Every structure is written in structure tokens, then in C-alpha cells.
Amino acid sequence: MLTVTSADAYYGNVQALKGVSLHVNEGEIVALIGANGAGKTSTLRTISGLLAPQRGSISFRGRAIGGLPPERVVRLGISQVPENRRLFASLTVRDNLLLGAYHLSWREKRSSLTRELGQVWELFPVLKERAHQLAGTLSGGEQQMLAIGRALMSRPRLMLLDEPSLGLAPRAVRTIFDAIPRFRERGLTVLLVEQNARAALRIANRAYVLETGRVVMEGSSQELLDQREVQRAYLGRGYRQVWEDE
Amino acid sequence: MPIWNPRIETMPRAELEQLQLERLQAVLNRTWESVPFYRRRFEQLGLMPEHIRSLEDVRLLPFTVKEDLRTGYPYDLFALPLREVVRIHASSGATGSPTVVGYTKNDLRNWSELVARVLSAGGATKDDVIQISFSYGLLTDAFGFHQGAEEIGASVIPVSAGAPEQQINIMRDFRTTALAGTPSDALRIAEALEEFGVARSSLHLRWAMLGSAPWPESVRSRIESLLGVSATDNYAISEVMGPGVSGECEENKHGLHINEDHFLCEIIDPDTGEVLPPGTTGELVITTLTKEAIPILRYRTRDLTSVDPSPCSCGRTLARMARVFSRTDDMLIIGGVKLFPAQIEQTLSEVEGVEPHYRLIVDQVGGVDRVEVQVEVSGALLAGDIGLLLRTQNLLRQKLQDELGLSAELKLVESRTIGPVEHPSQRIVDRRRTEGGER
């Protein structure tokens, strides 16, 4: 469904991605894991059009999208949930959700808005309870649910999720990570960026490990969980202490 | 026959190539980072891993040769510390110091899966009783087949190498349905059946998955008819994994399906190192795409084959390599003519009454190469009509001359005076350079 081939991307003179290749099949949950600054978010931004790749190609459902502006990419069915959520704090939960569908045509909206809203309510019942509350008054976890809900309103085929667990209480993380596999029932594919590698690998089918702008490992979640370098670097196992301080 | 991993084994080529590229780039990033041997090579060439932007770019990378593995003996080429390694194997070291390979937990899991694919392609299922006659030890064959057979859920009998009688007794009593071993194991077992008067009907054997040494089609038909099995070939090379690199499908027995999601194969001209187009015969070069413990870049196998990327009627889209009969270092140059022991074997085997065992002796007299070919013939032929014997001798001489351009003295010898060898190169006795000490 999505194929990235040898993508290079820069912020000014700094090369953020060094020949990154990856793919996501329809219906999959794929995780990008790695330390801060490894290039995970840059990869998502390159896909969603926020960062133009200098070299390499990106194709989505057989169509080249590398370098397309974000609004065109969204219309093709890719929706990004940004790391800092970017909600409209002074609007209600419901209005924030409706804004997620702003690019759909008037005709489309009327027929589908109610259905889409219903599905978001079903996924995150707490948002329905707070439908008329201002977004700024929600807890961190609820805000993250709202950001995801807003992305779902645009009826994407592929959702790019950037650090959904960032700064959230364990319980909120659980709610969100329980909801992500259910997107699949709606025919949605997910590319997930996470520093919380354990949570990500629990729900992902496959994952890529990035280090300093390069993919260093690719495999099924199980394979990566069994890789001791991954365990030590990203899963917080104390191998370094136990073995290397000798 | 069932396809073990249909998603991969029947994957459209474009998708497969994307997967290969992703894995190639990841393995390059890892070797560059953690194998000083490769890091130095990259630096000498002014190469960074990200310069490899397509599968074709693999040709920018340096080759790895057997000597590199020997120099790195035992652990220099490992990408991970030993505590991540759960298994260590080595080559026999018959032709020099041994080479060592290691496997992580994931490497072993992949290995099992790949041998399971090879076994399934050859016809084996979970209902089979698989007898392993490879020798258990440092070499990879026995353990590789053992794991693969367990992976498919077959019943595994780890007999290991043993006298043919012992193999036959177990085969009969345990109702073995499939044999995994060397072609000479299969031949010895087949011949012993006759010798000990064991009826083929008392066995349940149906399949033989043979490998680790070259065996011509004539040997295959002999094994198939004597043992009453379907025999398939597979390609194993311990430096990149062991068995599991490629195997024939039972439907076609026409080329060995390469597990391309784990191995990137190229065919090169052994003299120039240049990459040759698909279908051309040359030296097989393998890059491991998933190996964690000891990733190997562009390993020169010295095996001669060709690769056919067209899909197979068995449903697999994985490219097929031709059966390997010769190695680059087997090549003989006699009186200016280049030839391989396997070609001689093939030519001889086409004549009625000729056994598959022969010996070729090259000598130099007054600067001229002299060749003598000794070939085993059946007892019936030797004991029979002298006219027929002479005609056979002439026919063989003529065939060698016409088909291979080889003029040779021909001697017919009794069956079992030469016997089986592990590798066709052992059939060559080259006395031309004995003083120089090379060969």
C-alpha cells in the first residue's frame, strides 16, 4: 500500500533520513521504533508531505506521492496525527472532530459525517460524554483520543500516528493502544512511531528500527522482541548492567 | 506440493524486490556499524551504506572470499558479541583452516523456516518420517535438516552418518518415508538393498532430499529407480547459513528455488568479477539479508550456476538456480581446452553399461598434456562379448573427443575399483604440477 524507497531528507544542512526504505501492506500495523532523533518523525513527515524528500521515492497505492503538498496527500487518504496533537483548545470536542472532515465535499459530508462521528464515539466513549466540552479542558489522554478521532473523521486509508503515548499516564496509554488494533476492522492501515517500543511491538505486525536516520533492523514484532540489541536499547532490559560492567 | 510460506514464496517480484532492498540496507547499516572488517572495506572504497540505493547498487560492495573468513577465524566477522549467539557451526576445514559461523535465536528460527520450505518443496509434510543420514557435528547439514523437519512437524530420526545396513534397518523398522542425506548415502543405501537382499517393498520410503555434494542427473535416476523415491536437490553453503538456501520443487525438478527474501544472489564472471545477466552461467555470489550473528556481503561461493527469475509452474515466484555441478576451482585446462569434471561425468554416464565412477589422470610428457580416463563398467559388460567391450571403449573415446574436445586414453575397469567420491574434483589426478605443488 505504501512503499518508501531509499528516501533522503534534510532539515537545512542536517540529513535526517539516510536512504530509508520501508513498506506497509494494506491492513497492517507497522511500527517505527528508535531513540530520540533517529528519524522516526522525519519519516512520517516525509510521507505526509510536511518534509520533501531530497532523493528516493514514495508511492501510495501505486501513485508517486514524494514531494506532494500535505493537503494533496490527505486527499489521497493519508492522515497524520501529530506528536503534539494540535487541537483547537477553544473549540468543543465535537467541532474539533468535524474539522477533521473539512476537506470532504459538502455532499460527502452530509451522508457520512454522522456515521463517522458514531464510530469515533464507539471507539472512545469518553469523547461522546465530553462532546460539548472545550478541547482545552480535556486530560492528556482524552486529548490524544480526540486527535486520533479527528484523523479518523477524514476517513483515511492510512493513519500515521506520531508518539501517541507521549506524556500520558499508563492507563491512557492502554486505552489508546487497545483502540489502535480495532482500526483494522474499519479497513484502516496504521504506521506508528513510538519511543515506547514495548507497547508498539505488542500491537504491531512488523516494525523497523531506526538509528541516526538509517533503518538498522526490519522484522516481525516477535523477531524484534527476541533481538537482544533491541531489548537492551529500546525495551529497557538491564543487559548492559548485568553483562557489560564486568 | 504444499508451499510452506505462500505469502513469501509466491510474492509478486516487485514486492519481493522492495523487501530485499529494505533488508539489504538494514544489513549494510548493521555491518558498517558493528563489523570492523567490513567497516574498513567500506572506508577503503569511500563507501557509505546509504550509497546503496537499489538492488543493482549491490555491485558497488566488495566481495567476501573464503580466505577472509579464514583470516577472521574464529570470531572476527561476527556482528554481535558471543552472548547473543546461541549456536556455532564450522566448515570441515578439509581444504585449509575451518571457517566458523554463528547463529542468534532469530537466525535459528529463520534457518528452520527456510529448510522447512525446502523440505515442503521436495514433497515432505508433517505426516512424513524423516531419517537424517547427514553426520551430526560441526557441519551444518544434519542440524539444518533436523530443525526444518521439526518445523514442518514431521517425525525426525537423527540416525546421523552410519553404515548402510544400519540405515536400512532403521528405515524398515521405523517406516521412514523420507531420507535427508548426501547423494552418496542414498547410492550406498540403494546398492546395499540389493546386496543384503532387502526387498524394496519392505520399505515405506517415498522422498529423498539430497545435497551437500554435486550429483548428476544419471545418479538421480539411479537413486530414484533403485530406491523407488522422488529425489530432489538442494543447495547448502555453511558460510551463509547451511541448507535452506535453495531447493528444487518436486513438481518440476528444474532449478532450485532460492529463498530470496533471505539471500540476494548474483551471478558473476569468475575472472573479471563483473555481474552477468540472468540466465548466464557464472559464479554464484550471495549476500545474506537477515543474518544477525554473521552477516556476509557478496560471498563468492565458487559454485557455477545460472539464475532464472521467471515464475515456476509450481506457483512459486522465487527465482531458480540451476543445479550446481562444478566449482570455479574445478576447471581443468587440458591442451588448451577448458572443462569441468561434471561434464566428463555427464558424457560418460550416457553410455550403456558404464557406471558413474571414473578417474581422470592428466600428465605432461614433453610439454604435451596426456590424459587417461579410467571408467568403471558393469561386470556383465566386462565378462561379455569382447567386441561389445571394444565398441563401448571406442564410443566413449569418441564422445569425449566430439562433445568436450578431449582426446584421452581410455581404460575400462571393474566396478568398485574407483568408487564414489564426495566431490567430482576428487576424480581428477593432475600430475602436471606436482613439482610446483599447486593443485
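Tell me, yes or no, whether the range B:32-39 has at least one residue that is at the interface with chain A (Cβ under 9 Å from one of its Cβ atoms) and either within 14 Å of residue A:218 (Cβ to Cβ) or in contact with a Ser or Thr (Cβ under 9 Å, 6 or more places away or on another chain) (or both). No, the range B:32-39 contains no residue that is at the interface with chain A (Cβ under 9 Å from one of its Cβ atoms) and either within 14 Å of residue A:218 (Cβ to Cβ) or in contact with a Ser or Thr (Cβ under 9 Å, 6 or more places away or on another chain) (or both).
Residues being touching a helix residue (DSSP H, G or I) at 6+ places or on another chain (Cβ under 7 Å), small (Gly, Ala, Ser) and without any contact (Cβ under 8 Å) to a residue 60 or more places away in the chain are represented in the range B:348-360 by at least one member.
Is one or more of the residues making up the range B:213-223 in contact with a strand residue (DSSP E or B) (Cβ under 8 Å, 6 or more places away or on another chain), at pLDDT 95 or above and in the same structural domain as residue B:123 (by TED's automatic domain parsing)? No - not one qualifying residue is present in the range B:213-223.
Scanning the range B:235-252 for residues that are within 9 Å of residue B:122 (Cα to Cα) and either of a type outside the set (Gly, Ala, Ser) or not assigned by TED's automatic domain parsing to the domain that holds residue B:209 (or both) gives B:248, B:249, B:250, B:251. Selection over the range B:124-152 of residues that are among the acidic types (Asp, Glu) and under 17 Å from residue B:183 (Cα atoms) gives a count of 1.
Each row is one residue, and each column tells you yes or no for (1) buried (at least 19 other Cβ atoms within 10 Å of the Cβ); (2) polar (S, T, N, Q).
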| site | (1), (2) |
| --- | --- |
| B:174 | no, no |
| B:180 | yes, no |
| B:185 | yes, no |
| B:193 | yes, no |
| B:202 | no, yes |
| B:209 | yes, no |
| B:221 | no, yes |
| B:232 | yes, yes |
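Which residues, counting only those in the range B:46-67, are modelled with pLDDT of 95 or more, away from every other protein chain (no Cβ under 11 Å) and part of a helix (DSSP H, G or I)? Listed by number, the residues that qualify are B:56, B:58, B:59, B:60. Residues considered: A:59, A:21. Of these, the only one that is within 13 Å of chain B (Cβ to nearest Cβ), more than 20 Å from residue B:48 (Cβ to Cβ), hydroxyl-bearing (Ser, Thr, Tyr) and part of a strand (DSSP E or B) is A:59. At least 2 residues being closer than 30 Å to residue A:231 by Cβ and in the same structural domain as residue A:62 (by TED's automatic domain parsing) is the threshold, and among the helices (runs of 4 or more DSSP H) wholly inside the range A:82-199 those reaching it are A:170-183. For the range B:237-251, the tally of residues that are more than 20 Å from residue B:6 (Cα to Cα) and among the acidic types (Asp, Glu) stands at 1.
Here is a yes/no grid of residues against (1) modelled with pLDDT of 85 or more; (2) assigned to a loop (DSSP other than H, G, I, E, B); (3) touching a Cys at 6+ places or on another chain (Cβ under 8 Å):
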site: B:403; (1), (2), (3): yes, no, no
site: B:406; (1), (2), (3): yes, yes, no
site: B:412; (1), (2), (3): yes, no, no
site: B:416; (1), (2), (3): no, yes, no
site: B:419; (1), (2), (3): no, yes, no
site: B:429; (1), (2), (3): yes, no, no
site: B:432; (1), (2), (3): no, yes, no
site: B:435; (1), (2), (3): no, yes, no
site: B:439; (1), (2), (3): no, yes, no
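Residues considered: B:181, B:144, B:122. Of these, the only one that is modelled with pLDDT of 95 or more, within 25 Å of residue B:202 (Cβ to Cβ) and touching a Gly at 6+ places or on another chain (Cβ under 7 Å) is B:122. Here's a check for you: in the range B:293-325, which residue that is of a type in the set (S, T, N, Q) and farther than 20 Å from residue B:63 by Cα is surrounded by the most Cβ atoms within 10 Å (Cβ to Cβ)? Ranking the qualifying residues of the range B:293-325, first place goes to B:317. Just to be sure, is residue A:46 surrounded by 14 or more Cβ atoms within 10 Å (Cβ to Cβ), within 14 Å of chain B (Cβ to nearest Cβ) and within 30 Å of residue A:231 (Cα to Cα)? The answer is no for residue A:46.
The values are calculated or read from the model by the stated rules, or taken from the named source; none is laboratory data. Only a predicted model underlies this, so the values are computations on that prediction, with no experimental measurement involved. Note that each Cβ is placed from the backbone with ideal geometry, even for glycine, and that neighbours are counted across all protein chains shown.
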